[in-house]
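What follows is a structure written as structure tokens; I'll ask about it next.
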Amino acid sequence: MSTLAPTPRTINRCLPFGDARHLEAHQFLVDEAALLDTQDYDTWLSLLTEDVRYLAPVRVTTARGAGFDTAPGMAHFDEDHYALSRRVARFATEHAWTEDPPSRLRHHVSNVRTFALDHTDDEVIVESAVLLFRSRGDVREPSIISAGREDRLRRDPARRVPSVGHWMLAARTVSLDESVLRTQNLAIFL
Amino acid sequence: MGDQTAVLEDVRRGMVPAHIYNDDEIFALERERVFGRSWVFVAHESEIPRPGDYVVRRVVEDSFIVSRDESGVVRAMFNMCLHRGMQVCRAEMGNASHFRCPYHGWSYRNDGRLVGLPFHGEAYGGEEGFRRKGQTLLPAPSLGVYNGLVFVSLDPDAPPLREYLGDFAFYLDLYTQQSLEGIELVGPQRWRVKANWKIGAENFAGDSYHTPHTHSSVVEIGLFREPKASKRKEGALYWAGSGGGTTYKLPPGTLDERLRYVGYPDEMITRMRATWSDAQLRMVGDDGFMVSAASVFPNLSLVHNWPKVTGGEDDEVVPFISLRQWQPVSADETEVLSWFAVDRNAPERFKELSYKAYLMCFGSTGMFEQDDVENWVSITSTAAGSMARRLRLNNRMGLLADDKPVSPPLAHFSGPGVAYVGFGEYNQRAMLRAWADALETPPPEPGPVDLGGVT
């Protein structure tokens with residue numbers, strides 16, 4: 001039982017993998033991963049809606065049946081557009097030491113499933129798994145962060161955003177697979 | 001174990017042998033003599049508000065269940081079954097009337113009492129073979145509570161917590177007692193960093209000097225009202241009792257104006273006025289110093305700051321408070337536990353914005369913390385080698401060669417202890433003096449505990 005981890009959805013509501021919306025959503029995630037790997041955060045920010053919510057709750061170990069597996073009221077990320085824009089602006093300064101020299105990042109994205117919504121064709125829910133490999137310096141142990149994600153993608157009403165199908169990220173919940181993270185910080189995005 | 005006398009002498013004269021930040025022998029001594037004796041923070045009462053609520057926390061490698069029993073009493077119990085040593089609670093938090101060991105089914109009430117022992121009669125011959133009555137999970141040797149902050153000490157003869165905190169309690173109140181009901185503590189975020197635990201504790205105790213450089217990026221992106229981080233040098237550094245910290249100098253004004261400048265709404269200011277002592281109010285209102293970072297020996301730190309959290313054109317800032325613990329894992333690894341604290345009576349909107357301010361600045365994603373940890377990881381890895389055994393780091397800022405201070409202590413400071421204005425490593429030295437004192441004091445030697453009636 002998970003309150004904030006991706007909701008288990010019925011198999012028959014998942015779009016067939018040949019569906020155009022699924023293909024576009026999948027491409028969005030892979031294209032986004034390339035931006036995150038190269039830390040092209042300005043472009044990444046341009047793919048987020050103004051009302052974006054970016055959430056990564058703190059996972060906790062609880063007894064089976066406890067009814068929750070996240071720390072009440074606490075997250076690693078609980079961001080709106082302004083907060084994300086400050087983070088991106090900081091990385092653009094010459095004094096964000098934690099990523100200078102930058103980490104070598106690889107976001108591996110898999111297990112993508114897309115779900116249509118009844119009321120609109122311009123939004124979809126997309127589940128995915130992400131495995132981030134992060135290496136810093138020459139000999140430090142690399143860190144690996146595994147997470148599930150549940151995203152809400154929305155088509156840019158103006159059809160201007162250059163992503164395939166003009167999709168934008170309107171909401172993301174990152175469900176980290178560790179309670180205690182084994183990385184020096186989350187100066188990265190998932 | 002090698003003789004550390006020379007190391008401690010160097011530390012006391014403000015020359016720190018760099019290897020103390022990554023040395024297995026030193027770490028073994030710390031585990032025994034610092035963490036085997038000191039009061040160590042484990043939880044806040046607001047984390048376990050209802051009967052049966054519990055969290056599991058550690059003192060180095062010792063796991064304790066911190067629970068509120070059915071009568072409302074907060075307890076800390078060693079998380080090890082009396083029979084074969086299994087952890088009786090393997091969750092991090094929850095609510096339970098009992099803890100049942102998964103190995104052989106021994107069960108304990110949430111006050112620690114052993115109440116279930118399968119086949120007690122057949123296997124042990126009942127009470128005659130194993131006296132179940134009166135047995136409990138091993139309680140923490142000492143437990144103390146201040147402002148709802150629960151501490152344990154592994155030393156059964158530890159001085160009372162209040163005495164240990166000493167005059168630092170004056171400053172602790174400013175973070176954790178902004179109204180009579182005190183704080184609620186939310187979290188923690190937990191993550192492990194390849195850094196020695198002392199570095200964070202020293203940094204928060206008194207390193208206002210790093211702010212202008214390490215944290216210049218957060219100033220550049222407009223997160224703060226003050227255009228220059230070098231404003232840090234106008235703040236006072238104080239040491240009192242078992243801890244010390246840094247402050248910011250507030251612009252001129254009355255108490256209310258100064259608290260409003262920090263971003264506190266009037267209703268919270270009214271409660272601070274009704275809760276804080278005259279001296280506490282004078283420190284903020286007359287002296288114009290507001291607490292920022294602080295540490296209590298050995299490994300609890302606090303931080304208070306007031307960034308802009310909305311994208312508006314105005315200068316509105318919102319203060320936040322964080323408690324954090326530098327939990328040692330090994331000589332070169334620390335688990336950071338970082339909580340968000342807010343006054344229980346604060347308006348809901350304030351709580352939301354204050355939480356947002358916390359997340360932007362501190363914790364696993366905090367824009368301050370990110371750059372701090374990068375430094376600390378790098379120091380720790382460099383401290384492992386043989387050159388670090390030769391290099392004594394200069395920890396003497398604020399002192400002349402003859403040990404006289406560069407500038408005298410503040411003559412008029414409303415808080416207890418000793419305070420200086422300007423940059424200086426007074427508090428880092430005080431922290432390491434406490435550390436040196438602990439390391440050269442033989443450890444407490446509590447006797448073993450036998451169970452089951454064999455005498």
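Mind checking the dipole of the range A:14-176: about its Cα centre, +1 per Lys or Arg Cβ, -1 per Asp or Glu Cβ, Debye to the nearest 20?
Charge dipole of the range A:14-176: 400 debye, to the nearest 20.
Continuing with this model, one more query. Considering only A:117, A:60, A:97, whose Cα is most displaced toward the positive end of the charge dipole of the range A:1-125, charges sitting on Cβ of Lys, Arg (+1) and Asp, Glu (-1)?
In the range A:1-125, that residue is A:60.
So for the protein assembly as shown, taking the charge dipole from beta-carbon charges (+1 Lys/Arg, -1 Asp/Glu), which of A:22, A:45, B:412 sits furthest toward the positive end?
So the residue we want is A:22.
How crowded by other chains is B:215-226, given as the mean number of beta carbons from other chains within 10 Å of each beta carbon? Present the calculation step by step, with values, prior to reporting the outcome.
Working: counts 2, 5, 11, 6, 2, 7, 11, 2, 3, 0, 0, 0.
Across B:215-226, the average partner-chain Cβ count within 10 Å equals 4.
Once you order the gyration tensor axes a ≥ b ≥ c over the Cα atoms, which shape class does chain A get: rounded for a/c under 1.5, otherwise prolate or oblate by comparing a/b with b/c? Intermediate values should be presented prior to the final figure.
Values: a/c = 1.69, a/b = 1.16, b/c = 1.46.
Since a/c reaches 1.5 but b/c is at least a/b, the shape of chain A is classed as oblate.
Shifting gears a bit: Taking other Cβ within 10 Å of each residue's Cβ, how do B:254, A:43 sort, fewest first?
Values: B:254 10, A:43 14.
Least crowded to most crowded, the residues run B:254, A:43.
Taking beta carbons within 10 Å but only from partner chains, what does the mean come to for residues B:182-189?
Numbers: counts 0, 0, 1, 1, 6, 6, 5, 8.
Going residue by residue through B:182-189 and averaging, the value is 3.
Another one. Can you work out the FRET efficiency for the pair residue A:81 and residue B:63, with r the C-beta to C-beta distance and R0 = 41 Å, to the nearest 0.05? Show your work: numbers first, answer last.
On the way: r = 41 Å, r/R0 = 1.00.
Approximately 0.50, to the nearest 0.05.
Could you check which residue among A:171, A:92, A:25 shows the biggest mean-square fluctuation in a GNM of chain A with a 10 Å Cα cutoff?
For chain A, modelled as a Gaussian network with Cα springs under 10 Å, the answer is A:92.
Still on this model: At a 4.7 angstrom Cβ threshold, list every cysteine in chain B that has nobody to pair with, or say none.
When partners are defined as cysteine Cβ atoms under 4.7 Å apart, chain B leaves B:89, B:361 without one.
DSSP loop (so not H, G, I, E, B), at most 10 other Cβ within 10 Å: list which GluC sites (Glu not before Pro) in the range B:313-354 pass both filters. Kindly include the intermediate steps, with their values, before the conclusion.
Working: sites: B:313, B:316, B:333, B:335, B:348, B:352; in loops: B:313, B:316.
Loop-located and lightly packed - B:313.
Compare the Cα positions of B:272, B:201, B:124 along the charge dipole of the protein assembly as shown (+1 at Cβ of Lys, Arg; -1 at Cβ of Asp, Glu; about the Cα centre) and return the one farthest towards the positive end.
Most positive-ward Cα: B:124.
A further question follows. Can you give the longest stretch of chain A with no exposed loop site, where a site means trypsin sites (Lys or Arg not before Pro) in a DSSP loop (not H, G, I, E or B) with at most 12 other C-beta atoms within 10 Å?
Details: sites that count: A:64, A:159, A:160.
Formally, the longest exposed-site-free interval is A:65-158.
Check the straight Cα-Cα distances from residue B:404 and name the lysines below 27 Å, setting aside those fewer than 8 residues away within the same chain.
B:198, B:231, B:233, B:249
Calculate the spin-label point distance for residue A:182 paired with residue A:95, positioning each point 7 Å from the Cα along the beta-carbon direction, and give it in nanometres.
Computed distance between label sites residue A:95 and residue A:182 equals 3.5 nm.
Right, another one. Treating only the Cβ of Lys, Arg, Asp and Glu as charged (+1, +1, -1, -1), what charge dipole size does the protein assembly as shown show about its Cα centre? Round to the nearest 20 debye.
Details: 70 positive and 88 negative charges, 113 e Å.
Dipole size: approximately 540 debye.
Would you mind giving the mean number of other chain beta-carbons within 10 Å of the Cβ of each residue in B:247-254, as a whole number?
On the way: counts 0, 0, 0, 0, 0, 0, 0, 0.
The shielding value for this peptide is 0.
None of the figures in this text is laboratory data; all of them are computed from the coordinates on show. Note that the structure is a prediction, hence the values are computed from the model and not measured. Glycine gets a Cβ as well: all are built from the backbone with ideal geometry, and neighbour counts include every protein chain shown.
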